[in-house]
Amino acid sequence: MERINTQYLEEIRCKIVPKPERNTKTIIGGGENYGKRPLFVGHGTGLRRYSCGNCNLVLTDNVGENIRLVNIVLKCPECQSYNQLPA
Ligand SMILES: [Zn+2]
């Protein structure tokens, strides 16, 4: 997949957390056979990239610096770890 804008401010490694209790967090994951690609890609300015705290796979890309991803846990499609985004 080609991306036009490859500029980003910083790469942030997420913190690995245990599987969240039911109905406490929104879990975003790719499911089986999703492959090694970001779970979502934003269109912000002042871009951040969040990577898996375990295997370093990029989980989200092009996230605007003012975007707050609260109460969201990203399940890594590669290693199945639960990644907490920094608040
Ligand atoms: Zn991972």
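The values are calculated or read from the model by the stated rules, or taken from the named source; none is laboratory data. Everything numeric here is computed off the predicted structure, so don't read it as measured data. Using ideal geometry, Cβ is built from the backbone for each residue, glycine included, and neighbour counts are taken over all protein chains shown.
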**Item:** Checking L39 against (1) hydrophobic (A, V, I, L, M, F, W, C); (2) closer than 15 Å to E11 by Cβ; (3) touching a strand residue (DSSP E or B) at 6+ places or on another chain (Cβ under 6 Å), the condition it does not meet
**Value:** (2)
**Request:** Filter the stretch 65-87 down to residues that are of a type in the set (K, R), assigned to a loop (DSSP other than H, G, I, E, B) and closer than 13 Å to I16 by Cβ, then give me how many there are.
**Result:** 0
**All positions within the stretch 59-73 that are among the hydrophobic types (A, V, I, L, M, F, W, C), more than 10 Å from the ligand (Cβ to nearest atom) and at pLDDT 90 or above** = I72, V73
**Message:** If the requirement is being within 13 Å of the ligand (Cβ to nearest atom), touching a residue at least 24 places away in the same chain (Cβ under 8 Å) and out of contact with any Gly (no Cβ under 9 Å at 6 or more places or on another chain), which of these qualifies: C76, C52?
**Reply:** C52
**Request:** Scan the stretch 32-55 residue by residue and report those that are surrounded by 14 or more Cβ atoms within 10 Å (Cβ to Cβ), part of a loop (DSSP other than H, G, I, E, B) and of a type in the set (S, T, N, Q).
**Result:** N54
**Message:** Among the residues in the stretch 18-34, are any acidic (D, E) and touching a Gly at 6+ places or on another chain (Cβ under 8 Å)?
**Reply:** no
**Item:** Any chance N62 is surrounded by 11 or more Cβ atoms within 10 Å (Cβ to Cβ) and either assigned to a loop (DSSP other than H, G, I, E, B) or of a type in the set (A, V, I, L, M, F, W, C) (or both)
**Value:** no
